[in-house]
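K.L.:
One structure, as structure tokens, below. Some questions next.
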Amino acid sequence: MAIERTFSMIKPDATKRNLTGAIVARFEAAGLRVVASKRLWLSLRQAQAFYAVHAARPFYGELTEFMSSGPIVAQVLEGEGAILKNREVMGATNPANAAEGTIRKDFALSIGENSVHGSDAPETAAEEIAFFFSGLEIVG
Ligand code: DAT
Ligand code: MG
């Protein structure tokens, strides 16, 4: 498995509950390295642009309002098979279905307020990293 980079976001429900460090510790314990990080408060328009792939879904309005409701932490994670590994550490979208020991099982409040975002494939990882970070901001 090759060294990959993936995009991660700690969502407003988690920053509000002061869980940033606890979540980053889960990534590091899994062998993922934080090679870029910044805390931002997205505008509604920025959240809509980031989640444009979901524009036709019934939850798009709720999702984009939530994602612009408070601070987020955008990060690039690097490591062996980082895209899949991050998804495993995160757990299933709905915390009711998430495996024991995953971030969403332990911290998510609901399917919408589910604490973390992670890219789902190499193409989306590249797009999402470029949405938030310039090359100079990523230090491996
Ligand atoms: P994931 O974040 O696991 O990649 P996704 O890409 O299918 O999940 O959806 C993006 C986000 O949208 C998800 O983290 C939370 C929200 N969402 C998904 N399905 C939802 C639903 N049925 N009701 C409310 N929000 C939902
Ligand atoms: Mg997704």
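K.L.:
Quick check on my filter: what residues within region 69-85 are under 14 Å from the mean Cα position of the chain (by Cα) and within 18 Å of Thr15 (Cβ to Cβ)? Spell out how you get there, then give the answer.
P.N.:
From region 69-85, those under 14 Å from the mean Cα position of the chain (by Cα) are 71-78, 82-85; that's our starting set.
Within region 69-85, Pro71, Ile72, Val73, Ala74, Gln75, Val76, Leu77 meet the criteria.
K.L.:
OK, next. Tally time: how many residues in region 15-34 are touching a strand residue (DSSP E or B) at 6+ places or on another chain (Cβ under 7 Å) and either open to solvent by 10 Å² or more (accessible area, probe 1.4 Å) or not β-branched (Val, Ile, Thr) (or both)?
P.N.:
Going through region 15-34, the residues touching a strand residue (DSSP E or B) at 6+ places or on another chain (Cβ under 7 Å) turn out to be 15, 20, 23-24, 27, 31-34.
Those left that are additionally either open to solvent by 10 Å² or more (accessible area, probe 1.4 Å) or not β-branched (Val, Ile, Thr) (or both): 15, 20, 24, 27, 31-34.
Total meeting the criteria: 8.
K.L.:
With the structure loaded, tell me whether Phe59 is within 16 Å of ligand 2 (Cβ to nearest atom) and among the aromatic types (Phe, Trp, Tyr) or whether it fails that test. So that I can check it myself, show each step before the final result.
P.N.:
On the way: within 16 Å of ligand 2 (Cβ to nearest atom): yes; among the aromatic types (Phe, Trp, Tyr): yes.
So Phe59 fits the description; yes.
K.L.:
Between residues in region 22-39 that are closer than 12 Å to Gly79 by Cα and residues that are modelled with pLDDT of 95 or more and among the β-branched types (Val, Ile, Thr), which pairs lie under 7 Å by C-beta distance while being six or more apart or on different chains?
P.N.:
Every condition considered, the pairs that remain are Phe27/Val34; Phe27/Val89; Ala30/Val89; Val34/Val24; Val35/Val76; Val35/Ile138; Val35/Val139.
K.L.:
Residues that are part of a loop (DSSP other than H, G, I, E, B), surrounded by fewer than 19 Cβ atoms within 10 Å (Cβ to Cβ) and in contact with a strand residue (DSSP E or B) (Cβ under 7 Å, 6 or more places away or on another chain): does region 54-72 have at least one? Spell out the reasoning first.
P.N.:
First, pick out the residues of region 54-72 that are part of a loop (DSSP other than H, G, I, E, B): 55-59, 68-71.
Imposing the further condition that a residue be surrounded by fewer than 19 Cβ atoms within 10 Å (Cβ to Cβ) reduces the set to 55-59, 68-71.
When the remaining residues are screened for being in contact with a strand residue (DSSP E or B) (Cβ under 7 Å, 6 or more places away or on another chain), the result is 71.
There is at least one residue in region 54-72 that is part of a loop (DSSP other than H, G, I, E, B), surrounded by fewer than 19 Cβ atoms within 10 Å (Cβ to Cβ) and in contact with a strand residue (DSSP E or B) (Cβ under 7 Å, 6 or more places away or on another chain).
K.L.:
Here's a follow-up. Looking at region 114-126, I want the residues that are open to solvent by 10 Å² or more (accessible area, probe 1.4 Å) and have a partner that is more than 9 Å from ligand 1 (Cβ to nearest atom) with Cβ atoms under 6 Å, at least 6 apart or on another chain. Which pairs are those?
P.N.:
Within 6 Å, the pairs are His117/Met9.
K.L.:
Cβ-Cβ distance below 8 Å, separation of 6 or more or different chains: which pairs start in region 49-61 with a residue that is within 19 Å of Glu128 (Cα to Cα) and of a type in the set (Gly, Ala, Ser) and end on one that is within 14 Å of ligand 2 (Cβ to nearest atom) and open to solvent by 40 Å² or more (accessible area, probe 1.4 Å)?
P.N.:
Ala49/Phe131
The values are calculated or read from the model by the stated rules, or taken from the named source; none is laboratory data. A quick note: this is a predicted structure, and the numbers were derived from the prediction, not measured. Every residue, glycine among them, receives a Cβ derived from its backbone with ideal geometry; neighbour counts consider all protein chains shown. Note: accessible area is taken over every heavy atom of the protein model, side chains too, but ligands, DNA and RNA are not part of it. Shrake-Rupley method; radii C 1.70, N 1.55, O 1.52, S 1.80 Å.
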